[in-house]
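So the structure is just underneath, and the comments pick up after that.
The values are calculated or read from the model by the stated rules, or taken from the named source; none is laboratory data. If you're wondering where the values come from, they're calculated on a predicted model, not measured in any experiment. Cβ: placed from backbone, ideal geometry, glycine included. Neighbour counts: every protein chain shown.
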Number of protein chains: 2
Amino acid sequence: MSGTVPSEVKHGESGRRAVVLLSGGLDSATVLAMARRDGFACHALSVDYGQRHLGELACAARVAQAVGAVDHKVIRVDLRAIGGSALTADIAVPHHSSVAEIGGDIPVTYVPARNLVFLSLALAHAEALGACDLFLGVNAVDYSGYPDCRPEFIRAFERTANLATREGVLGRPFAIRTPIISMSKAEIIRAGVSLGVNYALTTSCYDPAADGAACGTCDACLLRRQGFVEAGAPDPTRYAVTRTGRRP
Amino acid sequence: MSGTVPSEVKHGESGRRAVVLLSGGLDSATVLAMARRDGFACHALSVDYGQRHLGELACAARVAQAVGAVDHKVIRVDLRAIGGSALTADIAVPHHSSVAEIGGDIPVTYVPARNLVFLSLALAHAEALGACDLFLGVNAVDYSGYPDCRPEFIRAFERTANLATREGVLGRPFAIRTPIISMSKAEIIRAGVSLGVNYALTTSCYDPAADGAACGTCDACLLRRQGFVEAGAPDPTRYAVTRTGRRP
């Protein structure tokens with residue numbers, strides 16, 4: 001189909017096609033490695049949505065290359081024009097001293113309808129490519145806070161996707177695959193390490209320093225650090241020196 | 001909330017807030033007029049998705065102003081990077097000599113997951129604005145061909161929206177309003193005329209001339225022309241001269 005051929009084919013393609021949403025973070029890198037292990041020809045998709053730190057997208061590109069995606073597409077959608085989140089507007093990212101301090105409410109880093117927007121774009125990409133499988137790195141740790149990481153949202157989206165699209169209507173349904181949804185961060189890291197994922201290529205921090213070093217104290221950093229500790233795996237994250245002159 | 005205040009307030013705002021998806025076409029202009037009639041403070045939203053003719057967006061801006069939207073936001077998302085449609089890739093738009101020639105299959109002008117992407121962005125905008133109502137101009141004539149114009153898709157999306165978002169989870173559900181979904185084109189035009197909609201400000205053509213004149217023979221033009229005839233209303237559309245030197 002004209003206009004749908006990947007412009008940069010980085011690896012030979014074989015196997016059933018899948019679209020894998022890749023954020024540059026630890027979770028989606030692991031999911032990409034799992035999809036590769038399961039024999040999928042993976043078309044990685046990242047969204048440049050006006051996030052605070054474009055370093056995420058550079059990480060996603062490196063992960064796509066390292067883990068062996070067929071190609072890596074970046075779609076731009078300006079969620080800063082919408083705002084409403086600490087990740088897309090001038091709202092401060094909260095910092096804590098430990099995971100225990102993270103509250104149970106939906107945090108200010110929630111971006112309105114973000115996973116719905118991302119999945120919709122991934123679905124469009126999948127339909128144009130002829131892929132029926134979409135992989136998304138939502139997980140158990142996230143869904144305590146973010147509504148769009150819960151299994152009931154994923155199931156509802158899958159149903160909607162198959163009513164929204166030509167392929168769904170023609171009886172070639174899409175499957176939304178969330179292989180780490182019920183895993184802890186430590187389990188995810190162990191799985192990724194066993195698949196050879198190089199987590200030094202990934203970034204999780206919501207509030208990195210200008211040189212890309214992780215803050216160590218936002219919710220994402222705290223959960224990631226604790227995950228490496230619990231997994232008994234070395235943490236390759238480069239942390240910034242804190243205001244007190246010590247690394248967190 | 002920082003970052004969510006409309007930058008261009010064109011009209012005083014009163015009433016319950018709603019987001020209205022505005023394409024620049026006849027249907028969504030009518031829906032905006034209906035939402036205004038029903039007392040909503042309407043935040044119009046258009047999507048610059050890489051469509052063939054940016055004239056649509058200029059029409060949407062004029063309609064928003066004329067019908068009295070509080071503001072009009074344009075969000076960019078590059079669906080051309082995805083392709084897969086005559087509206088976003090190098091695939092020819094089909095032309096016919098009458099409505100009877102339009103086939104029953106999903107046409108090549110179908111854009112993968114377009115209404116799902118648009119509704120997801122409208123939902124994000126609504127949540128950031130504190131609006132619970134989303135208006136969309138899908139209608140009965142469209143849903144013979146496009147899967148994402150059918151009532152079952154709209155219902156599934158609404159359910160998904162209320163699982164995807166903070167507001168939905170906190171018990172302030174979103175409603176997806178499709179007031180023209182079961183109306184014919186003629187009924188829509190009659191309703192719009194009675195509400196004072198100036199259809200000369202709108203465009204429907206999939207394949208306009210360089211000067212913006214409508215082709216008169218794409219599916220959208222044929223349905224629009226027939227609608228004006230059946231409504232007994234003057235058709236204000238400016239049509240291009242055809243290859244044979246006659247207006248269609």
Please enumerate the residues belonging to the stretch B:148-165 that are touching a residue at least 24 places away in the same chain (Cβ under 8 Å) and buried (at least 21 other Cβ atoms within 10 Å of the Cβ). B:D148, B:C149, B:F153, B:I154, B:F157, B:A161, B:A164, B:T165
What residue, among those in the stretch A:86-114 that are of a type in the set (A, V, I, L, M, F, W, C) and facing another protein chain (nearest Cβ under 8 Å), is farthest from the chain's Cα centre (by Cα)? A:I91
Got at least one residue in the stretch A:47-65 being surrounded by fewer than 20 Cβ atoms within 10 Å (Cβ to Cβ), touching a helix residue (DSSP H, G or I) at 6+ places or on another chain (Cβ under 6 Å) and either under 16 Å from A:A126 (Cβ atoms) or at pLDDT 95 or above (or both)? yes
Members of the stretch A:115-137 found to be surrounded by 24 or more Cβ atoms within 10 Å (Cβ to Cβ), more than 7 Å from chain B (Cβ to nearest Cβ) and either assigned to a loop (DSSP other than H, G, I, E, B) or of a type in the set (D, E, K, R) (or both), listed by number: A:L136, A:G137
Can you find even one residue in the stretch B:204-221 that is in a helix (DSSP H, G or I) and in contact (Cβ under 8 Å) with a residue 60 or more places away in the chain? yes
Which residues, counting only those in the stretch A:152-176, are more than 9 Å from chain B (Cβ to nearest Cβ) and more than 13 Å from B:T160 (Cβ to Cβ)? A:G171, A:R172, A:P173, A:F174, A:A175
Test for A:G145: is it in contact (Cβ under 8 Å) with a residue 24 or more places away in the chain, closer than 20 Å to A:H72 by Cα and surrounded by fewer than 24 Cβ atoms within 10 Å (Cβ to Cβ): no
Candidate set: the stretch A:194-214, residues that are surrounded by 15 or more Cβ atoms within 10 Å (Cβ to Cβ) and more than 23 Å from A:A33 (Cβ to Cβ); chosen: the one farthest from the chain's Cα centre (by Cα): A:A213
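Per-residue answers, yes or no, for (1) in contact with a Leu (Cβ under 9 Å, 6 or more places away or on another chain); (2) at pLDDT below 95; (3) part of a loop (DSSP other than H, G, I, E, B); (4) of a type outside the set (D, E, K, R):
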position: A:A156; (1), (2), (3), (4): yes, no, no, yes
position: A:R159; (1), (2), (3), (4): no, no, no, no
position: A:G171; (1), (2), (3), (4): no, yes, yes, yes
position: A:I176; (1), (2), (3), (4): yes, no, no, yes
position: A:S182; (1), (2), (3), (4): no, yes, yes, yes
position: A:I189; (1), (2), (3), (4): yes, no, no, yes
position: A:G192; (1), (2), (3), (4): yes, no, no, yes
position: A:G196; (1), (2), (3), (4): no, no, yes, yes
Does A:A191 count as away from every other protein chain (no Cβ under 14 Å), aliphatic (A, V, I, L, M) and touching a strand residue (DSSP E or B) at 6+ places or on another chain (Cβ under 9 Å)? no
Could you tell me whether the stretch B:27-35 includes any residue that is surrounded by 23 or more Cβ atoms within 10 Å (Cβ to Cβ) and acidic (D, E)? yes
